[in-house]
1. Have a look at Leu406, Leu442, Leu453 and point out the one that is over 22 Å from Arg317 (Cβ atoms) and assigned to a strand (DSSP E or B).
2. One residue is enough: does region 426-440 have a residue meeting the conditions surrounded by fewer than 18 Cβ atoms within 10 Å (Cβ to Cβ), at pLDDT below 95 and acidic (Asp, Glu)?
3. Give just the number: which of (1) among the β-branched types (Val, Ile, Thr); (2) crowded, with 18+ Cβ neighbours inside 10 Å; (3) in contact with a Ser or Thr (Cβ under 8 Å, 6 or more places away or on another chain) does Val267 not satisfy?
4. Can you tell me how many residues within region 409-432 are in a loop (DSSP other than H, G, I, E, B) and free of Cβ contacts under 8 Å to residues at least 60 places away in the same chain?
5. Which residue is surrounded by the fewest Cβ atoms within 10 Å (Cβ to Cβ), if the candidates are limited to region 80-113 and must be under 31 Å from the mean Cα position of the chain (by Cα) and closer than 16 Å to Asn295 by Cβ?
6. Six or more apart or on different chains, Cβ under 8 Å: which pairs go from a residue in region 241-268 that's charged (D, E, K, R) to one that's surrounded by 16 or more Cβ atoms within 10 Å (Cβ to Cβ)? Could you list them?
7. Test Leu123 against the stated conditions and say whether it is touching a residue at least 12 places away in the same chain (Cβ under 8 Å), closer than 30 Å to Ala285 by Cβ and either basic (Lys, Arg) or assigned to a helix (DSSP H, G or I) (or both).
8. For Lys234, only one of the following conditions fails: (1) surrounded by 10 or more Cβ atoms within 10 Å (Cβ to Cβ); (2) without any contact (Cβ under 8 Å) to a residue 40 or more places away in the chain; (3) under 59 Å from the mean Cα position of the chain (by Cα). What is its number?
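The values are calculated or read from the model by the stated rules, or taken from the named source; none is laboratory data. Computed from a prediction, not measured in an experiment: that's the story for all the values here. Cβ sites come from the backbone with ideal geometry, for glycine too, and all protein chains shown count toward neighbours.
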Amino acid sequence: MDNNTYFHTFKKDISGIELPARFTFPFCYEPHPLAVIAAKELQYYIENQEDWNHNFGLDKKSEGLAIGKMFGVLVVRNQHDELGYLAAVSGKLAGSNKHRDFVPPIFDMLEENSFFLNEEVHLNALNRKIEQLEKSDELTSIKQHLDLLKGNWDMSLDELKTKLRVQKKERKETRTLLRASLSDEDYELLMEDMRSQSLKDKQQLQRFQYDMHLALEAESTQLQQMLSAITALKEERKTRSGNLQKQLFEQYNFRNAKGEQKNVVAVFHDFDKTTPPAGSGECAAPKLLQYAYENELTPIALAEFWWGCSPASEIRRHKNYYPACRKKCEPILGYMLEGLAVDPNPMQQETTLGVELPQIYEDEDIIVINKPAEFLSVPGIYVKDSVYNRILQRYPDAGPIIIHRLDMSTSGLLIVAKNKQSHQFIQDQFIQHTIKKTYIALLDGVVEAASGLIDLPLRVDLDDRPRQMVCYTYGKPAQTKWEKIAIENNQTRVRFYPLTGRTHQLRMHAVHPNGLNTPIVGDDLYGTKANRLHLHAASITFIHPRFKQEMTFEIEPDF
């Protein structure tokens, strides 16, 4: 490697490898052989280098917080028609943005005396001051004393109000009791006396409340002054943070293959009229393309892989390849790839038009389908071929058709309705959780336990839809019973009994460290891509809408 550039020459002979016709579609791809070789050479470097020290969580003896990282390689051609590759890491590595083997960031926030670090000093000072004030003994003492004082006054106020209510009730009883025995003149004198007493009671209550206000005012004023000081500091922090973020955005100006340049704010606005999230442009892929464009290097192929332990909530497996994230990178990479011939998005390609849709049962109310893998239950934005459209073509007046769904990648039993009454009757069974379903999956590893219950709440990864993540704060409950069927060539065949029906529930419960810690074979989102996802809806039991009898359908997977 030339130490004056970030262009790496291949150590392995690549002369027999054909170049790709188009550049990698970064959000769904199979790494090109050249990108795989580049990634393996980078991985060898990471394992053996002594240039920096970062705890990836792979060595239990390492000190400090364990943080896995996403790395990327970009195969490029230089001005001399030589093939090589660039390497990058998402975010910073070992506390720095400067490493001789990785392309630099688009903007180095960690540069000595940069406006970012200088402003961080002020923001950190504000944070410390706010924290000190919020946790100060003086503030705690004032709050406690005011609460105690207010409690005592409130107690006395309640006692006074109770006393006045009793007196009012006694006056009313006296009026009623003496009305018949008093003359009109004497009764009027009594009423006058009672009105006078009522007025005195009201004045007593008003005086008490005024005294209470005076007693609490000094303490309340002191507390409010302290809280106002904290609020003012928080407003200053908010303003400074906003200004800093705006100044940061001004530094991120992305290039594309057409030689154009656009600021990150404009990129996101043109994409979906949103504001860039923090960290936009810090991922590996934008860094790689930016450096290539700035140095007249032609992008050929891209690949990104995870190195290290998985985060607690997301699923990232060591050395696995992953697509670029959606929330931060989709707008940026969409712009940066303009001018390049890019592979088509496979999620927008009609690939099932010639695929048969096997039917295993039909009557006047329902149809039971054995849905193939990679076949949609309902039409997508771009791909229209689906179970729904196939049934609608045969029965134009049927519907609602779809009662429940299977993930596109999952094969197996799917019930569809031919009329509204059947749809409602079976849908109610799903809502009441009376329908019994089992799935068979082949896991990419050996599971030692024989059975169990997995209870991991799930929610969508907002930064990378449709991936899911475990979240104990905002996740929806997700439970799966399972049992081992057999061990086959270092793979485990299991039967799943889902007690809930969350998106990607079985895939997440299989792969998560607190689940079975073993991905389903062919899971391109959470594991490693294969010929298909080895997950199959094998049986379903329900009450027939017309016959009112229990029906069970079973079909074995083709794996």
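1. When all the criteria are applied, what remains is Leu453.
2. No, region 426-440 contains no residue that is surrounded by fewer than 18 Cβ atoms within 10 Å (Cβ to Cβ), at pLDDT below 95 and acidic (Asp, Glu).
3. (3)
4. Here the count works out to 3.
5. Checking each candidate, the answer is Pro104.
6. Arg255/Leu289; Arg255/Gln290; Arg255/Tyr293; Arg255/Met336; Lys262/Asn253; Lys262/Phe254; Lys262/Asn256; Lys262/Tyr335
7. Judged against the criteria, Leu123 is a match.
8. Single failed check for Lys234: (2).
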